[in-house]
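The values are calculated or read from the model by the stated rules, or taken from the named source; none is laboratory data. On a predicted model such as this, the values are computed, not experimentally measured, just so you know. Positions of Cβ are backbone-derived with ideal geometry, glycine not excepted, and every protein chain shown enters the neighbour counts.
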Amino acid sequence: LAKDQSYAASATGTIQSFSFSRSAAIQILAETGIVGLFAFLIIFFRGMYEAQALPRDVKIAAFSLFFYLLAAFIAFPPSIVLLFLLAITLGLLHHDIIAHSYRHAEKPFVKTIKIPVILSSMAAVVIFCALSAGMYQMVMYYRADLAYRHSAQAIGNRSLSETYSDQYNAITLNPYQEKYHISFSQTNLYIANQIAINTKKSGSKLSSRDQATVTNAIKTAIEESRAATVLNPQKASNWENRGRIYKSLLTVAEKSDIFAIGAYERAGLLDPFNPVYKNDLGEVYYLTGQYKQAATRFIEALHIKPDYSNASYNLAWSYYQLGDKQKAIAQMETLSQSLRTERDSDAYKKAISDLERLKK
């Protein structure tokens, strides 16, 4: 979901983890508008209206289910479980209404039609195959979700091999879930970075095996980040992840700066009031020596969120690289003043230290 300017300027404006609303009803409102929410509510109230014709015990059960589901859609995030329960409830209600109407009708309202045995058999086979395929797919998706959840536990247990294996299995079982591809791209990038860091610490060169592992990990990270944007090209965070992958490979992969800039620009178009995307795009320009463009993006981020310390810090050094030392000092002083309430923080100490360096 895109953020508006007032939210982007708030204290939580730079948090990137809000992919879904806390409430399924609010999620529906945000994605489909008032008309969509109204249409969704009609399903509930129409079902409750139809349930009034049922026997008292069945009616009580139906009303209880509908009230529970309505409360669940308001109180809980959107999930396949809620939608499944709603579909089952509506299906059972429809069955009870038809059965009740048939029992109380003076004449059968459905005429008996003789259907050839071969046609009814074919229809039964088709329905069975469709249901079997649907159930099989649901089982696969459920297994994929279990594997993905297990990978999150493996991260907590610092088991990289289990994390990799579980995420790979999740994608194999359900290749249509964006978050699986995003997580797998980040895991592969982490593997490549860790091998490079460990090699640098040891002072040795990459072995042929490690080099092959790094190359494969980088390739997979790029492919998985692309897969997420292909699955949902209208989601800004998918493009942000793609830009982040390429930004991490600026010194490794050819033309990664062009791809990173393109990805962050696409994310910015989809979520124009997100200061993080402006700042990250500015960092790509800065790292590639395009300091004027970098300063422009950092200024845009600060227009959206004036107290965004990362953008303010980056802007100060952009001014310095452009040869405007006075502006750099002024910007770093502004940052130091904004962080004065956090004197024990690393950010404040860093700002003060860099301000002293700029003044020399």
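Give the stretch 275-309 a look and list any residue that's crowded, with 22+ Cβ neighbours inside 10 Å and in a loop (DSSP other than H, G, I, E, B), or say none.
K305, Y308
Can E254 be described as free of Cβ contacts under 8 Å to residues at least 40 places away in the same chain, assigned to a loop (DSSP other than H, G, I, E, B) and out of contact with any helix residue (DSSP H, G or I) (no Cβ under 8 Å at 6 or more places or on another chain)?
Numbers: free of Cβ contacts under 8 Å to residues at least 40 places away in the same chain: yes; assigned to a loop (DSSP other than H, G, I, E, B): yes; out of contact with any helix residue (DSSP H, G or I) (no Cβ under 8 Å at 6 or more places or on another chain): yes.
It is true that E254 is free of Cβ contacts under 8 Å to residues at least 40 places away in the same chain, assigned to a loop (DSSP other than H, G, I, E, B) and out of contact with any helix residue (DSSP H, G or I) (no Cβ under 8 Å at 6 or more places or on another chain).
Find the residue count for the stretch 215-251, including only residues that are part of a loop (DSSP other than H, G, I, E, B), out of contact with any helix residue (DSSP H, G or I) (no Cβ under 6 Å at 6 or more places or on another chain) and free of Cβ contacts under 8 Å to residues at least 40 places away in the same chain. Before the answer, list the steps.
Just the residues of the stretch 215-251 that are part of a loop (DSSP other than H, G, I, E, B), to begin with: 232-235, 249-251.
Of the ones still in play, those that are also out of contact with any helix residue (DSSP H, G or I) (no Cβ under 6 Å at 6 or more places or on another chain) are 233-235, 251.
The next check asks that each one be free of Cβ contacts under 8 Å to residues at least 40 places away in the same chain; those that pass are 233-234, 251.
Final tally of qualifying residues: 3.
Among the helices (runs of 4 or more DSSP H) confined wholly to the stretch 1-96, which include 2 or more residues that are modelled with pLDDT under 75? I'd like the intermediate steps shown before the answer.
On the way: elements: 5-8, 24-51, 56-75.
The qualifying helices (runs of 4 or more DSSP H) are 5-8.
Six or more apart or on different chains, Cβ atoms under 9 Å: show the pairs whose first residue is in the stretch 174-186 and among the small types (G, A, S) and whose second is surrounded by fewer than 18 Cβ atoms within 10 Å (Cβ to Cβ).
That search, which allows pairs on different chains as well, returns S183/A152; S185/E223; S185/R226.
Could you please let me know if Y141 is more than 19 Å from the chain's Cα centre (by Cα) and among the aromatic types (F, W, Y)? First the steps, then the outcome.
On the way: more than 19 Å from the chain's Cα centre (by Cα): no; among the aromatic types (F, W, Y): yes.
Spelling it out, it is not the case that Y141 is more than 19 Å from the chain's Cα centre (by Cα) and among the aromatic types (F, W, Y).
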